[in-house]
Amino acid sequence: MELHIRHQEIGSIANAFEIRDLAQVTAKWFFLGPLTRAEMSPEFLKAVSKRCERVFLDVQGFVRKVECREVRLFDWPDKRQGLSCVDVLKANSEEALILSGEANLERAARKIADLGPREVIITLGREGSLILAEGRFHRIPAFPPKTLVDPTGAGDTYSAGYVFQRLRSDDIEASGRFAAALASRKLENYGPFAGDANDVLALLRQAAAENEILR
């Protein structure tokens, strides 16, 4: 397994989200992607969970702590309370191992799921991703980009693709593959993904055809 480790420094942190900020907002899904644990409290997560069918959380911010402007990774002290409000959790391999205290990714996913999330997604960079749902693991391949231009935001793009497809389908594996293909397309250009679903579906069809030829 290949771990991708970044060195990060931070100049300032925004004010935390408060329950009153939600006002009367409701939705089928809420996507939460804090950059640091100071942005959202367990109480805020609980309030969000009451306003939607499912909460999707990218856990990266909750395992980050700022020390002398430098971002370091630590376990999330309030994870038991916080994860009880989460339906789908996404983490990269390093974050999953820190959050679970396990050295094996499958055990890490199961331990995280025991705390509440019904779906646990662990992204593995070039090695694809691993999804645990309803006790079953789905191994999702990576789709190599034609050219690697800009990796910034690839994880967020994967998450957006997963939520987009899960809103349309209960197929976990198809949702994971769509998310992986979308992230691949994003890597090929600077900035956010600027295409549409047809671009992603074209890549999936191409990959399926190539796989059929190899058989």
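The values are calculated or read from the model by the stated rules, or taken from the named source; none is laboratory data. A quick note: this is a predicted structure, and the numbers were derived from the prediction, not measured. No Cβ is skipped: glycine too gets one built from the backbone with ideal geometry, and neighbour counts run over all protein chains shown. When the accessible area is computed, the model is the full protein with side chains, heavy atoms only, and any ligands, DNA or RNA have been set aside. Shrake-Rupley method; radii C 1.70, N 1.55, O 1.52, S 1.80 Å.
Of all the accessible heavy-atom surface of segment 164-205, with the other protein chains kept in place and a 1.4 Å probe, what percent is carbon and sulfur?
Carbon and sulfur atoms account for 51 percent of the accessible area of segment 164-205.
What is the spin-label model distance, in nm, from F74 to N15 if the labels are put 7 Å beyond Cα along the C-beta direction?
With each label placed 7 Å out from Cα toward Cβ, I get 2.6 nm.
Which residue, S184, S93, S84, has the most motion in a Gaussian network model of the chain that connects Cα atoms within less than 10 Å?
S84
Only loop residues by DSSP count here, and only those with at most 16 other Cβ atoms within 10 Å; note down the trypsin sites (Lys or Arg not before Pro) in segment 156-189 that meet that. Write out the running numbers ahead of the final one.
Working: sites: R166, R168, R177, R185, K186; in loops: R168.
Answer by residue number: R168.
Gap in Å between the Cα centre of segment 169-190 and the Cα centre of segment 83-98?
Each part's Cα centre sits 19 Å from the other's.
Give me the distance in nm between label points sitting 7 Å out from Cα along the Cα-to-Cβ direction at D199 and N104, one decimal.
Simple spin-label model gives 4.0 nm for this pair.
In square angstrom, rounded to the nearest 10, how much accessible surface does T26 have for a 1.4 Å probe?
The accessible area of T26 comes to roughly 100 Å².
Report the extension gain between K111 and R126 in nm, rounded to one decimal, defined as 0.36 nm multiplied by the number of residues separating them, less their alpha carbon distance.
Computed gain between K111 and R126 is 3.0 nm.
Is the C-alpha gyration tensor of segment 51-125 telling us rounded, prolate or oblate? Criteria: a/c under 1.5 is rounded; beyond that, a/b larger than b/c is prolate, otherwise oblate.
Verdict is oblate for segment 51-125.
Could you provide, to the nearest whole Å², the per residue accessible area of segment 88-215 with probe 1.4 Å?
Counting only protein heavy atoms, the per-residue value for segment 88-215 is 51 Å².
Could you give the C-alpha radius of gyration of segment 129-206 expressed as a fraction of 2.2 N^0.38 Å, taking N as the number of residues it contains? Don't jump to the answer; show the numbers that get you there.
Working: Rg = 12.0 Å, N = 78, 2.2 N^0.38 = 11.5 Å.
Taking the Cα Rg and dividing by 2.2 N^0.38 Å, one obtains 1.04.
For N189, list long-range residues whose amide hydrogen, built 1.01 Å from N in the peptide plane, is under 5 Å from its own amide hydrogen.
Here V149, D150 satisfy the definition.
At 1.4 Å probe size, with the rest of the protein present, what percent of the exposed accessible area of segment 1-148 is carbon and sulfur atoms?
Roughly 48 percent of what the probe reaches on segment 1-148 is carbon or sulfur.
Determine the gain in length on full extension of the stretch A23-K65; use 0.36 nm per residue of separation and subtract their C-alpha separation, reporting nm with one decimal.
Additional length available on full extension: 12.3 nm.
Out of A96, A179, A16, any idea which swings most in a Gaussian network model of the chain, alpha carbons joined below 10 Å?
Highest fluctuation among the options: A16.
Which whole-number percentage describes the relative contact order of segment 115-215, with Cα contacts under 8 Å and a sequence gap of 6 or more?
Relative contact order, segment 115-215: 24 percent.
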